[in-house]
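The values are calculated or read from the model by the stated rules, or taken from the named source; none is laboratory data. What you see is a predicted model; the values in this text were computed from it and never measured. All Cβ positions, even for glycine, are placed from backbone atoms using ideal geometry, and neighbour counts span all protein chains on display. Keep in mind that these areas ignore ligands, DNA and RNA; they rest on the heavy atoms of the full protein, side chains included. Shrake-Rupley method; radii C 1.70, N 1.55, O 1.52, S 1.80 Å.
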Amino acid sequence: MRASDLLCSRPEGLYCPPGDFFIDPVRPVARALITHGHSDHARPGHRAVLATPETLDIMELRCGPDFTGSRQAMRLGETISLNDVKVTFQPAGHVLGSAQICVEHRGMRIVASGDYKRQPDATCAPFIPIPCDVFITEATFGLPVFRHPHPSNEVSRLLKSVEQFPERTHLVGAYALGKAQRVISLLRQAGYDRTIYIHGALAKLCDYYQSRGVKLGDLQPATVEAGGKEDFAGEIVVGPPAAFSDRWARRFPDPVACFASGWMRIRQRAKQRGVELPLIISDHSDWDELTETITETGAGEVWVTHGREEALVRWCELDGIAARPLHLVGYEDEGD
């Protein structure tokens with residue numbers, strides 16, 4: 001059968017006609033298979049949702065208990081049949097519970113990777129390359145300029161700055177799901193055992209990560225009502241990037257603005273955000289990891305979803321791999 005008969009693009013998202021389901025749809029549908037819990041992929045309102053147990057829990061935490069009419073948990077490595085279409089969820093290495101979705105029917109295998117990264121991450125299961133006929137890849141950082149350093153080097157820069165400026169608070173901007181917990185975990189791996197203070201918007205997700213066995217150490221709310229600004233001198237505070245533009249950030253003594261993101265590779269982005277200490281820590285694959293992953297899958301055809309589609313499509317063509325952009329809309333870079 002043709003790949004387009006198994007998966008095709010519709011306004012709602014990727015659709016599987018023989019299985020009658022969508023993958024990460026951007027509009028409410030009857031049956032949705034969700035790769036991970038970021039809001040651009042995991043939206044409420046579907047009649048039925050299939051996802052990993054962690055993604056279902058995260059959707060409930062973020063969207064409320066009524067985010068779907070019915071839910072079914074899919075464990076990593078488990079295979080089920082939906083109208084004779086075999087569906088398997090495999091780890092994507094993006095955030096806790098993230099999965100690639102492998103779809104098989106009549107000898108055709110397509111893997112929808114969702115968002116993925118290849119760097120080690122103690123907060124989620126590592127990515128597994130899956131041999132397939134068609135590989136659907138993201139391209140968030142799909143340009144050769146994006147080559148991520150090892151995250152431990154970036155955390156070392158943060159800790160060095162904390163040591164150099166003990167009178168200042170280091171405010172680390174990190175997205176609430178995945179990035180914040182990864183940054184905290186990296187700090188613990190680097191030997192930082194002091195209390196880490198967090199914005200209230202991170203509390204539920206950090207608690208959930210710890211309930212799933214992810215060790216984040218002592219976390220306390222970053223509030224100054226009970227004391228003064230001087231209480232946070234020399235401390236690390238982690239919060240969502242949006243919080244740094246409101247009054248919350250001005251509560252701390254002479255804060256050092258940090259931001260953990262793959263976009264911090266672009267100096268102009270850091271300057272525009274007023275970031276004093278850019279930390280290049282990404283939950284997406286960089287250029288080398290994208291191209292290496294495509295090669296590892298052995299796919300004869302590659303579909304590129306959101307991001308820098310043209311460059312990756314061109315790389316595939318030069319390497320003798322058929323490729324095309326899907327031009328899917330509605331996906332952002334919440335987990336960058």
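Quick notes on this structure:
- FRET efficiency for the pair Arg27 and Arg157, taken as 1/(1 + (r/R0)^6) with r the Cβ-Cβ distance and R0 = 51 Å, rounds to 0.75.
- Adding -39500 (n - 2.57) for every DSSP H run of four residues or longer, then dividing by how many residues the chain holds, sets the calculated 222 nm ellipticity at -6500 deg cm²/dmol.
- Averaged over its residues, the stretch 9-86 has an accessible area of 43 Å² per residue, based on protein heavy atoms and a 1.4 Å probe.
- Across the stretch 233-336, C-alpha contacts under 8 Å between residues 6 or more apart give a mean separation that, scaled by the residue count, equals a relative contact order of 20 percent.
- On Cα atoms only, tilt of 53-63 relative to the major axis of the chain in degrees: 60
- Accessible surface area normalised per residue over the stretch 143-227 is 46 Å², counting heavy atoms of protein chains with a 1.4 Å rolling probe.
- Sorted from greatest to least, the principal axis extents spanned by the alpha carbons of the stretch 15-101 come out as 32, 26, 18 Å.
- Selected from Tyr192, Tyr15, Tyr209 as most flexible by GNM, with the chain as the system and alpha-carbon contacts under 10 Å: Tyr192
- Contact order relative to length of the chain, as percent, for alpha carbon pairs under 8 angstrom and 6 or more apart: 17
- Computed from the C-beta positions of Glu310 and Gln268, the FRET efficiency with R₀ = 30 Å rounds to 0.90.
- Most tightly packed first, judged by the mean number of other beta-carbon atoms within 10 Å of their residues, the peptides 266-278, 171-183 read 171-183, 266-278.
- Inter-label distance, His150 to Ala242: 3.6 nm, where each label sits 7 Å from its Cα along the C-beta direction.
- In summary, the aspartates and glutamates within cross-link reach of Lys204, defined as a Cα separation below 17 angstrom excluding same-chain residues under 8 places away, comprise Glu54, Asp57, Glu60, Asp218.
- Two-decimal ratio, the chain, of alpha-carbon radius of gyration to 2.2 N^0.38 Å: 1.02
- Solvent-accessible area of the chain (1.4 angstrom probe, protein heavy atoms only): carbon and sulfur portion equals 48 percent.
- Trypsin sites (Lys or Arg not before Pro) lying in DSSP loop within the stretch 1-86, provided at most 11 other Cβ fall within 10 Å: Arg2, Arg75
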